[in-house]
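What follows is a short report on a single structure.
What follows is calculated from the coordinates using simple rules that are stated; it is not laboratory data. What you are looking at is a predicted structure, and each value in this text was computed from that prediction instead of being measured. Methodologically, a virtual Cβ is constructed for each residue, glycine included, from the backbone with ideal geometry; neighbour enumeration extends over all protein chains shown.
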Number of protein chains: 2
Amino acid sequence: MVEVTHRQTEQKAAVRSALEKSTDFISAQDLHARLRDKGSTIGLATVYRSLNDLSQTGEADVLQSGTGQLFRYCGSGEHHHHLVCVDCGKTVEVEVPVEEWVQKVSQTNGFTPVRHVLDMYGRCADCEAIRRSTAR
Amino acid sequence: MVEVTHRQTEQKAAVRSALEKSTDFISAQDLHARLRDKGSTIGLATVYRSLNDLSQTGEADVLQSGTGQLFRYCGSGEHHHHLVCVDCGKTVEVEVPVEEWVQKVSQTNGFTPVRHVLDMYGRCADCEAIRRSTAR
DNA sequence: GCCGTAGTGAGTTGCGTTCTCAATAGCGCC
DNA sequence: GGCGCTATTGAGAACGCAACTCACTACGGC
Ligand SMILES: [Mn+2]
Ligand SMILES: [Mn+2]
Ligand SMILES: [Zn+2]
Ligand SMILES: [Zn+2]
């Protein structure tokens, strides 16, 4: 059996490109709408498929929001974590020693680490200012 | 206007009790099934309502799994985090200085902290042993 | 015991995501 | 360039979790 060939398609490229252009986390549906608005006829299923592929290869970050999963392009395949503004979605990649602690805590409890989830949410300076100026 | 009275019902007690008896994280549906199996006629909606109430008061922990939210009873209202076995669901409450990290990176980036998510997954010693003995 | 109303539960709805499958289009090969 | 195989696509259906609806129930203050 030979190699399984992964074909290069316009759709996959379009999803990657659109994701790169989005600075904040975005949902599959919003990305789909954005693509359609720009004339693409791409299907929603394909957007989901492409985003899932990108997240599996580490090209995209995923986080679970209350309404579903959000995606974000992430060139560096390095594992890292995010600080996300709950109001505007502005996102900063941050460095924290989680991995060390995962290792430590796992060892203490006889676990073999598999994965971990760490996402930090807050309000960015701008949104916090807006919030303060508005009555509550 | 007087106080809003929260009435004490069999159903709420049953949910709390069933949740206490479950050592691992459990879904609302599984908890509902468990209750029905034991003769209860409680409705699924009530299970969801009760679990949401418990999580809001801090009596229950919630975590987002791939298939939905999982609940776990948690006497201590203290904020903490979990190390969960991906195979059997065994859960350990662990202490990690996440709060410090949140403070630090928020300050660095001009964010006002709101909340954070930290869940660690691995395989407990038992499940790891089983995995090793089985052919991959 | 009576009453007002919070709570319940069967069924329905909503919504994000995945699945189905016939049609399309990469791409290795000639 | 053309052929053939099959990975990929997209419209729509299906799925699963969670919330909602609303008539009915039962808690608890009196
Ligand atoms: Mn990232
Ligand atoms: Mn806990
Ligand atoms: Zn913001
Ligand atoms: Zn285990």
Inter-residue pairs, beta-carbon under 6 Å, first free of Cβ contacts under 8 Å to residues at least 60 places away in the same chain and in the range A:112-136, second hydroxyl-bearing (Ser, Thr, Tyr) and assigned to a helix (DSSP H, G or I), 6+ apart
A:113/A:106; A:122/B:106
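Could you tell me whether residue A:93 is outside any helix (DSSP H, G or I), more than 8 Å from chain B (Cβ to nearest Cβ), out of contact with any Pro (no Cβ under 8 Å at 6 or more places or on another chain) and among the charged types (D, E, K, R)?
yes
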Check the range A:52-63 and report whether any residue there is assigned to a helix (DSSP H, G or I), hydroxyl-bearing (Ser, Thr, Tyr) and touching a strand residue (DSSP E or B) at 6+ places or on another chain (Cβ under 7 Å).
yes
Flagged in the range B:56-105 as basic (Lys, Arg) and in contact (Cβ under 8 Å) with a residue 40 or more places away in the chain, in numbering order, are B:72, B:90
Taking the range A:108-136 as the region of interest, how many residues are assigned to a loop (DSSP other than H, G, I, E, B), within 7 Å of chain B (Cβ to nearest Cβ) and more than 19 Å from the chain's Cα centre (by Cα)?
3
Quick one: is residue A:40 within 16 Å of DNA strand C (Cβ to nearest atom), more than 30 Å from residue B:93 (Cα to Cα), of a type in the set (Gly, Ala, Ser) and assigned to a loop (DSSP other than H, G, I, E, B)?
yes
Residue count, the range A:97-136 (criterion: within 16 Å of ligand 1 (Cβ to nearest atom), surrounded by 12 or more Cβ atoms within 10 Å (Cβ to Cβ) and more than 21 Å from residue A:87 (Cβ to Cβ))
4
Checking residue A:84 against (1) part of a strand (DSSP E or B); (2) within 16 Å of DNA strand D (Cβ to nearest atom); (3) of a type in the set (Val, Ile, Thr): exactly one of these is not met. Which one?
(2)
In the range A:65-91, how many are more than 14 Å from ligand 1 (Cβ to nearest atom) and either in contact with a Gly (Cβ under 9 Å, 6 or more places away or on another chain) or of a type in the set (Gly, Ala, Ser) (or both)?
5
Restricting attention to the range B:84-123, which residues are closer than 27 Å to residue A:92 by Cβ, of a type in the set (A, V, I, L, M) and away from ligand 2 (no atom under 16 Å from the Cβ)?
B:102, B:105, B:114
